[in-house]
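To start, the structure itself, in structure tokens.
The values are calculated or read from the model by the stated rules, or taken from the named source; none is laboratory data. Small disclaimer: the values here were computed from a predicted structure and weren't measured. Please note: Cβ atoms are built from the backbone with ideal geometry, for glycine as well, and neighbour counts cover all protein chains shown. Quick note on the areas: whole protein, heavy atoms, side chains included, nothing else; ligands and nucleic acids left out. Shrake-Rupley method; radii C 1.70, N 1.55, O 1.52, S 1.80 Å.
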Amino acid sequence: MDKNMKLHYMKRVDDKCAELPWYVTEYVDSRKRKLSHTTLLNYCHDYLIFFDWLVAEKLAADDRKDIELTVLESLTVREIENFLSFLEYQLGNNKYTINRKLSALKSLFDYLQNKAETSDLKPYIQRNVMAKIDFNSIKESQETVANRIEGKILREDDFEKFRQFVAHDFGELNRTNKRMVRFHEFNRERDTAIVSLILGSGLRLSEVAGINIEDLDMNKGQVRVLRKGNKEQYVYFSHQALLDLESYLKIRETRYVPEKSENYLFIAAPIGRKGKSRRLTPRSIEKLIEKYAAAFGKPALTVHSLRHSFATRYHLENNDVPRLKNQLGHSSIQTTMIYTHLTDEEMRKAVNNMDK
């Protein structure tokens, strides 16, 4: 991800911090060197939800920015459990999301108790209620995770069917809607390249959104991406992805008219007659995949499940877990092992089919 994009995200982080108490800003500033900008932005969103809940429950001042440290210090276990119930039943968060938000709060409270110091070298808070709160217990075997993923991925022939749908059939399906057809005609090379790249490499959403022109090595079929932990890596992509990227690059400048300094790969369609080009955001990529997936008849498809689709197909054809781990950017091989369970099921079905 280029410098301008990082600055954009850090500005969004700073804007969110401006809406939060001073000690939250101090904590976020202390983590800028070690946490990614996207993680910090997620933390800020989580803190806004928490402090707004404190205000709504009349546990604190009317303005979230004015909530004092003494309020956090006096919170009870029951009140925090009520907040977690609010996340689950009012906001509809699942156990994984609740654990992520709880982790953000635990990190903040730990900083206030064990790292931050007043001028007389005292901790900001003496009592840390978050230390008494347990994460949701999520006990799932790799088989269970694999089974949950299984119904949300593309298989074999579906790869090309979905790609063709994005490239051509979506427009034909909506031919009575002239506005939608025009929009599809304008963006279909770009959208096809995005889908083809994910299905042909297994890149994460943030990695796809962050690619710049100079990150592509079309001769080697590689792209440089910034992985989790800010680790730079060259990742291979398929020949089909190469062809679709070439088709997109042929029309990129004339159709989207980027400024010379705008070197990001995937560009959003300009809005209005004087609309300027801009990088296609991760959320925009999510939405375009959701649009095509719903029209294709597989609404459960997401960017992440396209990544799963690549991983499952790769393992089925190559059976090389260490290389797949490196391709996906997993820190642990145990995460990659999920795909062995997915393909084991396919092998079982194949063997059973021999009796038919």
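Scanning the stretch 93-121 for residues that are of a type in the set (D, E, K, R), open to solvent by less than 90 Å² (accessible area, probe 1.4 Å) and either under 15 Å from THR39 (Cα atoms) or touching a residue at least 40 places away in the same chain (Cβ under 8 Å) (or both) returns LYS101, LYS106. Checked against the criterion of being polar (S, T, N, Q) and modelled with pLDDT of 95 or more, the candidates SER206, SER196 yield just one match: SER196. Going through (1) open to solvent by less than 60 Å² (accessible area, probe 1.4 Å); (2) in contact (Cβ under 8 Å) with a residue 12 or more places away in the chain; (3) under 30 Å from LEU265 (Cα atoms) one by one, LEU59 falls short only on (3). Could you list, in sequence order, the residues of the stretch 244-282 that are touching a residue at least 40 places away in the same chain (Cβ under 8 Å), among the hydrophobic types (A, V, I, L, M, F, W, C) and assigned to a strand (DSSP E or B)? Answer for the stretch 244-282, where residues must be touching a residue at least 40 places away in the same chain (Cβ under 8 Å), among the hydrophobic types (A, V, I, L, M, F, W, C) and assigned to a strand (DSSP E or B): just ILE267. Flag not set for SER309, criterion: under 20 Å from GLU207 (Cβ atoms), in contact with a Lys or Arg (Cβ under 6 Å, 6 or more places away or on another chain) and at pLDDT below 90. Filter the stretch 72-89 down to the residues that are closer than 11 Å to LEU102 by Cα and aromatic (Phe, Trp, Tyr) and list them by number. Once the filter is applied, which keeps residues that are closer than 11 Å to LEU102 by Cα and aromatic (Phe, Trp, Tyr), the stretch 72-89 yields only PHE83. When restricted to residues that are farther than 16 Å from ASP14 by Cβ and in a helix (DSSP H, G or I), the stretch 42-71 contains 14. The set of residues in the stretch 217-243 being assigned to a strand (DSSP E or B) and open to solvent by 30 Å² or more (accessible area, probe 1.4 Å) consists of ASP217, ARG224, LEU226, LYS231, GLU232, GLN233, TYR234, TYR236. Taking the criterion of being surrounded by fewer than 17 Cβ atoms within 10 Å (Cβ to Cβ), in contact with a Pro (Cβ under 8 Å, 6 or more places away or on another chain) and at pLDDT below 85, the only residue of the stretch 255-289 that qualifies is LYS276.
Taking the criterion of being surrounded by fewer than 16 Cβ atoms within 10 Å (Cβ to Cβ) and either outside any loop (DSSP other than H, G, I, E, B) or not assigned by the TED database to the domain that holds LYS106 (or both), the only residue of the stretch 32-41 that qualifies is THR39. You will find that of VAL13, VAL24, the residue that is within 27 Å of GLU81 (Cβ to Cβ), open to solvent by less than 60 Å² (accessible area, probe 1.4 Å) and in a helix (DSSP H, G or I) is VAL24 and no other.
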